[in-house]
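The block underneath contains the structure these notes are about, expressed in C-alpha coordinates.
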Amino acid sequence: MQTLKTTVLLATLTGILVAVGGLVGGVGGMAIFLVFAGIMNFVAYWFSDKLALRMAGAQEITREQDPHLWNMVEEVAQLSKMPMPRLYVIHNESPNAFATGRNPKNAAVAVTTGIRRLLTDRELRGVLGHEMGHVKNRDILTSSIVATIAGAIQMIAQVIMFSSLFGGRDDNRNPLLMLVAVLIAPIAATLIQLGISRQREYAADKTGAEVTHDPEALASALEKLQRGVEYRPMQETPAQEAVSALYIVKPFAGGGMAKLFSTHPPLEERIRRLRNMSVGR
(Lines give C-alpha, C1' and ligand atoms only; values in the text may rest on other atoms or scores of the structure.)
Protein backbone atom coordinates (compact mmCIF):
# COMPACT_ATOMS: atom_id res chain seq x y z
CA MET A 1 0.00 0.00 0.00
CA GLN A 2 2.82 2.45 0.86
CA THR A 3 4.50 1.68 -2.48
CA LEU A 4 1.23 2.36 -4.31
CA LYS A 5 0.80 5.70 -2.52
CA THR A 6 4.38 6.67 -3.37
CA THR A 7 3.80 5.75 -7.02
CA VAL A 8 0.63 7.86 -7.19
CA LEU A 9 2.37 10.86 -5.61
CA LEU A 10 5.35 10.47 -7.95
CA ALA A 11 3.03 10.32 -10.97
CA THR A 12 1.28 13.49 -9.77
CA LEU A 13 4.62 15.24 -9.36
CA THR A 14 5.60 14.19 -12.89
CA GLY A 15 2.31 15.56 -14.19
CA ILE A 16 3.01 18.94 -12.60
CA LEU A 17 6.45 18.96 -14.24
CA VAL A 18 4.98 18.22 -17.67
CA ALA A 19 2.33 20.95 -17.30
CA VAL A 20 4.67 23.64 -16.00
CA GLY A 21 7.45 22.74 -18.42
CA GLY A 22 5.04 22.99 -21.32
CA LEU A 23 4.23 26.60 -20.37
CA VAL A 24 7.85 27.63 -20.81
CA GLY A 25 9.07 25.79 -23.87
CA GLY A 26 6.94 22.77 -24.55
CA VAL A 27 8.51 19.33 -24.35
CA GLY A 28 11.94 20.67 -25.29
CA GLY A 29 11.96 23.26 -22.51
CA MET A 30 10.80 20.74 -19.97
CA ALA A 31 13.53 18.27 -21.03
CA ILE A 32 16.27 20.88 -20.57
CA PHE A 33 15.23 21.66 -17.01
CA LEU A 34 14.79 17.97 -16.19
CA VAL A 35 18.27 17.11 -17.45
CA PHE A 36 19.82 20.01 -15.53
CA ALA A 37 18.05 19.02 -12.31
CA GLY A 38 18.95 15.39 -12.94
CA ILE A 39 22.67 16.16 -13.20
CA MET A 40 22.63 18.06 -9.91
CA ASN A 41 20.71 15.36 -8.09
CA PHE A 42 22.77 12.54 -9.61
CA VAL A 43 25.87 14.08 -8.08
CA ALA A 44 24.05 14.44 -4.76
CA TYR A 45 22.79 10.83 -5.00
CA TRP A 46 26.20 9.38 -5.83
CA PHE A 47 27.93 11.18 -2.98
CA SER A 48 24.93 11.33 -0.61
CA ASP A 49 26.43 9.02 1.99
CA LYS A 50 29.70 10.93 2.29
CA LEU A 51 27.96 14.31 2.36
CA ALA A 52 25.34 13.28 4.93
CA LEU A 53 27.83 11.61 7.26
CA ARG A 54 30.20 14.57 7.12
CA MET A 55 27.45 17.12 7.80
CA ALA A 56 26.14 15.04 10.71
CA GLY A 57 29.62 14.85 12.23
CA ALA A 58 29.63 11.04 12.12
CA GLN A 59 32.76 9.04 12.87
CA GLU A 60 33.27 5.54 11.48
CA ILE A 61 33.94 2.76 13.98
CA THR A 62 35.24 -0.80 13.68
CA ARG A 63 34.19 -4.06 15.33
CA GLU A 64 37.12 -3.79 17.70
CA GLN A 65 36.08 -0.32 18.87
CA ASP A 66 32.48 -1.32 19.68
CA PRO A 67 31.84 -5.07 19.30
CA HIS A 68 28.42 -4.91 20.97
CA LEU A 69 26.95 -2.36 18.55
CA TRP A 70 28.74 -3.91 15.59
CA ASN A 71 27.31 -7.37 16.31
CA MET A 72 23.81 -5.92 16.67
CA VAL A 73 24.00 -4.17 13.29
CA GLU A 74 25.50 -7.26 11.69
CA GLU A 75 22.63 -9.39 13.00
CA VAL A 76 20.00 -7.04 11.58
CA ALA A 77 21.85 -6.88 8.25
CA GLN A 78 21.82 -10.68 8.06
CA LEU A 79 18.10 -10.78 8.86
CA SER A 80 17.58 -8.22 6.08
CA LYS A 81 19.68 -10.38 3.71
CA MET A 82 22.02 -7.47 3.06
CA PRO A 83 25.76 -6.87 3.44
CA MET A 84 27.07 -5.37 6.66
CA PRO A 85 26.89 -1.56 6.27
CA ARG A 86 29.60 0.81 7.39
CA LEU A 87 28.93 1.80 10.99
CA TYR A 88 29.17 5.34 12.37
CA VAL A 89 28.68 7.06 15.72
CA ILE A 90 27.56 10.69 16.09
CA HIS A 91 28.70 12.26 19.34
CA ASN A 92 25.44 14.02 20.13
CA GLU A 93 23.26 13.52 23.20
CA SER A 94 20.04 13.99 21.20
CA PRO A 95 18.71 10.46 20.56
CA ASN A 96 18.50 9.61 16.86
CA ALA A 97 19.80 7.47 14.01
CA PHE A 98 19.85 7.38 10.21
CA ALA A 99 20.95 5.28 7.25
CA THR A 100 22.29 6.44 3.91
CA GLY A 101 23.87 4.97 0.80
CA ARG A 102 22.81 4.53 -2.81
CA ASN A 103 22.45 0.74 -2.55
CA PRO A 104 22.94 -2.10 -0.01
CA LYS A 105 26.60 -2.52 -1.02
CA ASN A 106 27.32 1.14 -0.27
CA ALA A 107 25.18 1.62 2.83
CA ALA A 108 26.06 3.28 6.11
CA VAL A 109 24.22 3.38 9.43
CA ALA A 110 24.83 6.10 12.01
CA VAL A 111 23.58 6.29 15.60
CA THR A 112 23.99 9.08 18.13
CA THR A 113 25.48 8.53 21.56
CA GLY A 114 22.18 9.79 22.96
CA ILE A 115 20.09 7.00 21.42
CA ARG A 116 22.32 4.37 22.98
CA ARG A 117 21.84 5.86 26.42
CA LEU A 118 18.08 6.05 26.01
CA LEU A 119 17.05 2.74 24.41
CA THR A 120 17.33 -0.87 25.48
CA ASP A 121 19.14 -3.29 23.18
CA ARG A 122 15.81 -4.65 21.99
CA GLU A 123 14.53 -1.16 21.11
CA LEU A 124 17.79 -0.17 19.42
CA ARG A 125 17.58 -3.37 17.38
CA GLY A 126 14.13 -2.24 16.23
CA VAL A 127 15.54 1.14 15.19
CA LEU A 128 18.35 -0.55 13.26
CA GLY A 129 15.72 -2.67 11.50
CA HIS A 130 13.97 0.54 10.39
CA GLU A 131 17.22 2.01 9.08
CA MET A 132 18.12 -1.15 7.19
CA GLY A 133 14.57 -1.01 5.83
CA HIS A 134 15.39 2.31 4.16
CA VAL A 135 18.40 0.71 2.49
CA LYS A 136 16.48 -2.42 1.51
CA ASN A 137 13.68 -0.32 -0.03
CA ARG A 138 16.16 1.82 -2.02
CA ASP A 139 14.73 4.98 -0.48
CA ILE A 140 17.81 7.06 -1.32
CA LEU A 141 17.17 6.35 -5.01
CA THR A 142 13.47 7.22 -4.65
CA SER A 143 14.33 10.45 -2.85
CA SER A 144 16.80 11.39 -5.59
CA ILE A 145 14.21 10.88 -8.36
CA VAL A 146 11.66 12.94 -6.44
CA ALA A 147 14.21 15.68 -5.74
CA THR A 148 15.12 15.78 -9.45
CA ILE A 149 11.53 16.36 -10.57
CA ALA A 150 10.71 18.81 -7.76
CA GLY A 151 13.94 20.70 -8.46
CA ALA A 152 13.08 20.99 -12.16
CA ILE A 153 9.64 22.41 -11.28
CA GLN A 154 11.26 24.98 -8.98
CA MET A 155 13.70 26.06 -11.70
CA ILE A 156 10.99 26.36 -14.36
CA ALA A 157 8.89 28.50 -12.00
CA GLN A 158 11.84 30.79 -11.39
CA VAL A 159 12.49 31.17 -15.12
CA ILE A 160 8.84 32.11 -15.69
CA MET A 161 8.97 34.64 -12.86
CA PHE A 162 12.21 36.32 -13.97
CA SER A 163 11.23 36.36 -17.64
CA SER A 164 8.04 38.18 -16.68
CA LEU A 165 9.90 40.67 -14.48
CA PHE A 166 12.58 41.48 -17.06
CA GLY A 167 10.56 41.89 -20.21
CA GLY A 168 10.21 38.29 -21.36
CA ARG A 169 6.46 38.37 -21.23
CA ASP A 170 4.55 36.44 -23.86
CA ASP A 171 1.12 37.94 -24.54
CA ASN A 172 -0.13 34.57 -25.73
CA ARG A 173 0.30 33.09 -22.25
CA ASN A 174 -2.66 32.85 -19.95
CA PRO A 175 -1.92 35.08 -16.91
CA LEU A 176 -3.81 32.73 -14.59
CA LEU A 177 -1.77 29.75 -15.75
CA MET A 178 1.42 31.77 -15.26
CA LEU A 179 0.37 32.58 -11.70
CA VAL A 180 -0.30 28.90 -11.02
CA ALA A 181 3.08 27.94 -12.48
CA VAL A 182 5.01 30.52 -10.47
CA LEU A 183 3.25 30.31 -7.09
CA ILE A 184 1.16 27.18 -6.74
CA ALA A 185 3.13 24.54 -8.66
CA PRO A 186 6.34 24.84 -6.57
CA ILE A 187 4.36 24.67 -3.32
CA ALA A 188 2.42 21.64 -4.59
CA ALA A 189 5.69 19.98 -5.67
CA THR A 190 7.20 20.56 -2.22
CA LEU A 191 4.15 19.14 -0.43
CA ILE A 192 4.15 16.05 -2.68
CA GLN A 193 7.88 15.60 -2.09
CA LEU A 194 7.28 15.72 1.66
CA GLY A 195 4.34 13.33 1.27
CA ILE A 196 6.55 10.78 -0.47
CA SER A 197 9.15 11.16 2.28
CA ARG A 198 6.50 10.42 4.91
CA GLN A 199 5.27 7.34 3.00
CA ARG A 200 8.84 6.01 2.86
CA GLU A 201 9.06 6.34 6.66
CA TYR A 202 5.93 4.22 7.08
CA ALA A 203 7.36 1.67 4.64
CA ALA A 204 10.69 1.51 6.49
CA ASP A 205 8.83 1.00 9.79
CA LYS A 206 6.93 -1.94 8.26
CA THR A 207 10.00 -3.46 6.61
CA GLY A 208 12.10 -3.15 9.76
CA ALA A 209 9.38 -4.65 11.96
CA GLU A 210 8.95 -7.59 9.58
CA VAL A 211 12.69 -8.23 9.32
CA THR A 212 13.27 -8.19 13.09
CA HIS A 213 9.91 -9.92 13.82
CA ASP A 214 9.40 -7.40 16.61
CA PRO A 215 7.16 -4.40 15.75
CA GLU A 216 6.61 -3.65 19.45
CA ALA A 217 10.33 -2.97 19.92
CA LEU A 218 10.26 -0.23 17.28
CA ALA A 219 6.97 1.17 18.63
CA SER A 220 8.46 1.39 22.12
CA ALA A 221 11.63 2.98 20.72
CA LEU A 222 9.63 5.65 18.87
CA GLU A 223 7.75 6.54 22.05
CA LYS A 224 11.03 7.07 23.90
CA LEU A 225 12.57 8.96 21.00
CA GLN A 226 9.61 11.32 20.86
CA ARG A 227 10.12 12.27 24.49
CA GLY A 228 13.89 12.23 24.16
CA VAL A 229 14.02 14.67 21.23
CA GLU A 230 11.53 16.98 22.94
CA TYR A 231 13.76 17.03 26.02
CA ARG A 232 17.05 17.26 24.12
CA PRO A 233 16.59 18.38 20.49
CA MET A 234 19.53 18.81 18.16
CA GLN A 235 20.91 22.26 17.57
CA GLU A 236 19.45 23.63 14.33
CA THR A 237 22.68 24.26 12.45
CA PRO A 238 22.68 24.45 8.63
CA ALA A 239 24.51 21.11 8.47
CA GLN A 240 22.03 19.31 10.74
CA GLU A 241 19.08 20.87 8.93
CA ALA A 242 20.45 19.52 5.64
CA VAL A 243 20.38 15.93 6.92
CA SER A 244 17.34 16.20 9.20
CA ALA A 245 15.07 14.27 6.80
CA LEU A 246 17.31 11.21 7.12
CA TYR A 247 16.87 10.76 10.88
CA ILE A 248 14.35 8.23 12.19
CA VAL A 249 12.51 11.01 14.07
CA LYS A 250 12.48 14.74 13.43
CA PRO A 251 15.57 15.97 15.31
CA PHE A 252 14.29 19.46 16.13
CA ALA A 253 11.54 20.70 18.41
CA GLY A 254 8.56 22.49 16.90
CA GLY A 255 4.96 22.03 15.84
CA GLY A 256 2.06 24.01 14.41
CA MET A 257 2.49 24.85 10.72
CA ALA A 258 5.89 23.13 10.77
CA LYS A 259 4.08 19.79 10.85
CA LEU A 260 2.57 20.49 7.43
CA PHE A 261 6.04 20.79 5.94
CA SER A 262 7.57 17.94 7.94
CA THR A 263 9.48 15.15 6.24
CA HIS A 264 8.33 12.77 8.99
CA PRO A 265 4.81 11.44 9.57
CA PRO A 266 3.21 11.84 13.02
CA LEU A 267 4.92 9.56 15.53
CA GLU A 268 1.55 8.66 17.06
CA GLU A 269 0.39 7.22 13.72
CA ARG A 270 3.63 5.32 13.20
CA ILE A 271 3.33 3.80 16.67
CA ARG A 272 -0.32 2.91 16.10
CA ARG A 273 0.48 1.08 12.87
CA LEU A 274 3.31 -0.85 14.50
CA ARG A 275 1.13 -1.86 17.44
CA ASN A 276 -1.51 -3.08 14.98
CA MET A 277 1.18 -5.28 13.42
CA SER A 278 1.92 -6.70 16.89
CA VAL A 279 -1.76 -7.52 17.45
CA GLY A 280 -1.91 -9.34 14.14
CA ARG A 281 0.91 -11.67 15.10
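The values are calculated or read from the model by the stated rules, or taken from the named source; none is laboratory data. Bear in mind the structure is a predicted one, so any value in this text is a computation, not a measurement. As a convention, Cβ positions derive from the backbone with ideal geometry for all residues, glycine included, and neighbour counts pool all protein chains shown.
Assuming Lys206 fulfils every condition listed in (1) over 21 Å from Asp49 (Cβ atoms); (2) touching a residue at least 60 places away in the same chain (Cβ under 8 Å); (3) assigned to a loop (DSSP other than H, G, I, E, B) apart from one, which condition is it?
Here Lys206 meets the rest and fails (3).
How many residues does region 52-107 contain that are of a type in the set (A, V, I, L, M, F, W, C), without any contact (Cβ under 8 Å) to a residue 40 or more places away in the chain and farther than 20 Å from Leu119 by Cβ?
Residues that pass the stated criteria total 1.
Restricting to region 220-244, what's the tally of residues that are free of Cβ contacts under 8 Å to residues at least 60 places away in the same chain and hydrophobic (A, V, I, L, M, F, W, C)?
Count: 1.
Here is a check on your reading of the model: is Val89 closer than 25 Å to Ala219 by Cβ, among the hydrophobic types (A, V, I, L, M, F, W, C) and assigned to a helix (DSSP H, G or I)?
So Val89 fails the test.
Answer yes if at least one residue in region 108-126 is part of a helix (DSSP H, G or I), of a type in the set (A, V, I, L, M, F, W, C) and closer than 13 Å to Val76 by Cα, and no otherwise. Walk me through it before giving the result.
Here is the first cut: in region 108-126, the residues part of a helix (DSSP H, G or I) are 113-118, 121-126.
Those left that are additionally of a type in the set (A, V, I, L, M, F, W, C): 115, 118, 124.
If we keep only those that are closer than 13 Å to Val76 by Cα too, we end up with 124.
Checked region 108-126: at least one residue is part of a helix (DSSP H, G or I), of a type in the set (A, V, I, L, M, F, W, C) and closer than 13 Å to Val76 by Cα.
For region 57-77, check the following and say yes or no: at least one residue is under 30 Å from Glu236 (Cβ atoms), modelled with pLDDT under 95 and assigned to a helix (DSSP H, G or I).
So far as region 57-77 goes, no, none of its residues is under 30 Å from Glu236 (Cβ atoms), modelled with pLDDT under 95 and assigned to a helix (DSSP H, G or I).
Within region 230-265, count every residue that is in a loop (DSSP other than H, G, I, E, B), at pLDDT 85 or above and surrounded by 12 or more Cβ atoms within 10 Å (Cβ to Cβ).
Residues that pass the stated criteria total 12.
Here's a check for you: in region 207-252, which residue that is over 18 Å from the mean Cα position of the chain (by Cα) and of a type in the set (D, E, K, R) is nearest to Ser80 (Cα to Cα)?
Glu210
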